[in-house]
Amino acid sequence: MTPILTAEAGAARLDIVAGDITALDVDAIVNAANRTLLGGGGVDGAIHRGAGPELLAECRTLGGAATGDAKITRGYRLPARHVIHAVGPVWSGGREGEDDLLASCYRRALALAIEHRLTSLGFPAISTGAYRFPPERAARIAVGTVVAELAAKPGTVRHIVFCCFSDDIATHHRNAFVELGLC
């Protein structure tokens, strides 16, 4: 996939692409998972279908995850070697700590990537599909959190891809890059 926009954040390259996250050739892709980690619709379903039944079998051993948390598995049949399952919040009008929970998804995914010495990571627009998180707000949280974490905890991660499922979502991420002065 050709990047729509590329920027630098410390030692890491940040790309925005529009396309299918299951096609990314990175060390890990992040799954916008539900709390069971057992698959679902949207990105979650696509990742489970692409990885094959072995992913579901491994996820069954993990005991789910809390909203705002993340767990890592192998990638099986995907180009990515790993899948980091991040459980985003369902939008409730912003009254239930959704912003903090969404930021936590990105922090936990990056922490797992650093812990496992991964160098490249692909993020979807967590919670912006069926969970109805406002996409512009989610993009600002995603980009801002990733940039802050990369600055605070420099590690092995050298390439981040924000893989957007539509051009509109990609535009929100591009706007977040501009607001943060990344380009």
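The values are calculated or read from the model by the stated rules, or taken from the named source; none is laboratory data. Owing to the predicted nature of the structure, the values given are computational and were not obtained by experimental measurement. The area values use the complete protein model at the heavy-atom level, side chains included, leaving out ligands, DNA and RNA. Shrake-Rupley method; radii C 1.70, N 1.55, O 1.52, S 1.80 Å.
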Heavy-atom accessible area per residue - the range 57-183, 1.4 Å, Å²:
44
Could you check which residue among A51, A151, A109 shows the biggest mean-square fluctuation in a GNM of the chain with a 10 Å Cα cutoff?
A151
Quick one: compute the contact order of the chain, relative version, from alpha carbon pairs under 8 angstrom and 6+ residues apart, as a percent.
29
Once you've got the GNM for the chain with C-alpha springs shorter than 10 Å, pick whichever of A46, A138, A57 has the biggest mean-square fluctuation.
A57
Among (1) 162; (2) 120; (3) 96, only one was calculated for this model; which label is it, if the read-out is volume of the Cα convex hull per residue in Å³?
(3)
Leaving ligands, DNA and RNA out of it, report the carbon-plus-sulfur percent of the accessible area of the range 24-149 at a 1.4 Å probe.
50
